[in-house]
Amino acid sequence: MTCKDRILSNDYADVIIDYVLPEEDLQRLNFDYCYDVIDEEFGTAHINRQELPPLSIGIYSYAAIPKLYGLMQTFEAESLVETGNLQIQGPPLSLKGTGTIIGFIDTGIRYQLDVFKNESGGSRILSIWDQTIQSGEPPEGFLYGTEYTREEIDRALQSQNPLDVVPTTDENGHGTAMASTAAGSILDQGLTFRGAAPETDIAVVKLKDAKKHLREYYLVADDAEAYQENDIMQAVRYLENMAIVFRRPVVIVLGIGTNMGDHAGSSPLGVYLNKIAARRSRAVVVCGGNEGDKEHHYSASIPEEVELRVEENTKGFCMELWGNRIDIYSVSLRTPGGEVVSNIDFRSGVDNNYTFLFDRTKIYTGLSLIEKLSGNEMIFFRFQNPTPGIWTITVTPAAQERVRSSGRFHLWLPIEAFIDGGVHFLEPDPNVTLTEPSNAQGVITVSAYNGITGSWFSESGRGFTSDGTIKPDFSAPGVQVASVLGNRSGSSMAAALTAGCVAQFMEWAIVEGYAPFVESRTIKSNFIRGAVRESNVTYPDERWGYGKMNISRTFEVLART
């Protein structure tokens, strides 16, 4: 069996390793496995599940189990004027993203559409790496999927049946909508739609679906759009490398997110994105998610009783508790029927399973007393077949422990798309609801507002991060934003608009040579300086960050300095 077969097979578990295993150590492992390198720090071991114990926090560690990420879009404007984008597409700056690349990690792209073509009818797409198709050659240095080059796409466009030549497409439409908003072409004067950077080149990674055993572990339904953390990291590596291959600035944009994690950017994906964002000629734009009004976050100080409502027909869900690194927590659970599990003490480090006498619910708990990447305590819960009604979770100091800090803790439920049914906190906290990896410090994080009315988009995730870092960086229009597939809403559309504006800035800075060494941090600071700020808001703000993005004002500020 090849490494590619192991990567694709549900019979093999994917384990994220945050250090490179020397070849001699790998050879000593008496496992049926293969190892796929991401960079000098991260890689993924694909190991036969029959040779491993079941997934658990206590055995594998929290960071080693790939988290699942979902799409950040609401299916339901002229946003280019609102962001100042259209103004700088025209003279005197005339910035349309020429000489730059925007890379999308998403559901793929419908490459046949006119908005992705140049004036001669050829494709503006440099390449597509489709992780779901195994019949062709993967990109050089990668082990799975199929890469389609611009030459192959152009040949397909000249065919009567393009999909017979290049069979990749976007069944969902999310990736296509984002790509058109960020980078849609203007082919003639009668075309009313245009993207934010209509002359940038495009690169696409179509993510493969999450493996079934990971869906079962996280209790995510088979029909939910879910993607594995390690596949996303490989996609970032593929797009980042284009800055070297094509010698052009690259903007990587992610319209996906998860509620699993410490909400301070300490996941393997968050750490990796920080490294990429710090490199010259690269920028990483991440949407802030749509969890602001979903009632999936709770925060308080111990001791505290937390009430959680579970709706009928909810098959299962996960929940994470994150606390301060110097406190040790104990948890009690009370079912809607009154059964109680008292004072679960996690200091032993042993995972536990509980089955209730009068309820059909099974609960698994796992602990990272000092979670590897964040250093904080994390308690992981899996509720299988939860009884409908009000559950009570009591959080206290562990026995004979005193509170050494504020005793602050956070609870997060999964993103809306990953809950089959309905679960929410009765007294939720709408702040600290930015999805991962948007909490990573180095990336450009965007929340969403209504560009038509100027009002806040209630679904948009809010800051700050759990450790108090200022996020989001700023807000962009995310309601009824124009795409080639019609108007769409969600923070992913705000990220797409922002990515197009970043490509415009990189054209000016790098392609035209005014600031040739910029990266995400420099671009972020320039955008913050040009953001529109209202007199009745104190900045930075949990919703708006440092204000509303406006790239035209960014250049006005630059002209004055």
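Taking all protein chains as shown and a probe of 1.4 angstrom, THR522 keeps an accessible surface of around 50 Å². Remark: spin-label model distance THR98-LEU357 equals 7.8 nm, labels positioned 7 Å along the Cα→Cβ axis.
Ligands, DNA and RNA excluded, the heavy atoms of LYS362 present near 110 Å² of accessible surface to a 1.4 Å solvent probe.
Grab the beta carbon distance between THR392 and ASN30, set R0 = 41 Å, and tell me the FRET efficiency rounded to 0.05.
After rounding, the FRET efficiency stands at 0.30.
When the listed pairs LYS372/LYS471; LYS211/LYS548; LYS4/LYS294 are checked against a 30 Å cut-off, the alpha-carbon distance exceeds it for LYS211/LYS548; LYS4/LYS294. Averaging the Cα positions of each part gives two centres, and for the range 109-145 and the range 401-470 these lie 34 Å apart. Taking other residues whose beta carbon is less than 9 angstrom from the beta carbon of THR176, and scoring Lys, Arg as +1 and Asp, Glu as -1, yields -1.
The residues neighbouring GLY122, those whose beta-carbon lies less than 14 Å from its own, together hold a net charge of -3 under the Lys/Arg +1, Asp/Glu -1 convention. For the pair ASN48 and THR132, what calculated FRET efficiency results from E = 1/(1 + (r/R0)^6), where r is the Cβ-Cβ distance and R0 = 25 Å, to the nearest 0.05? Efficiency at R0 = 25 Å is approximately 0.65.
Counting only protein heavy atoms and a 1.4 Å probe, tell me what percentage of the chain's accessible area is made up of carbon and sulfur.
47
Accessible surface for the chain, divided over its residues, is 38 Å² per residue with a 1.4 Å probe.
Over the chain, DSSP H runs of length four or greater, each weighted -39,500 (n - 2.57), average out per residue to a 222 nm ellipticity of -5500 deg cm²/dmol. Were the residues from ASN313 through LEU369 laid out at 0.36 nm apart, the gain over their Cα-Cα distance would be 16.9 nm.
Full extension of the chain segment joining SER455 with GLU534 gains 27.3 nm, where the gain is 0.36 nm per residue of separation less the Cα-Cα distance.
The values are calculated or read from the model by the stated rules, or taken from the named source; none is laboratory data. All figures in this text were calculated on a predicted structure; none of them were measured in a lab. All Cβ positions, even for glycine, are placed from backbone atoms using ideal geometry, and neighbour counts span all protein chains on display. In case anyone asks, the SASA skips ligands and DNA or RNA and just uses the protein heavy atoms, side chains included. Shrake-Rupley method; radii C 1.70, N 1.55, O 1.52, S 1.80 Å.
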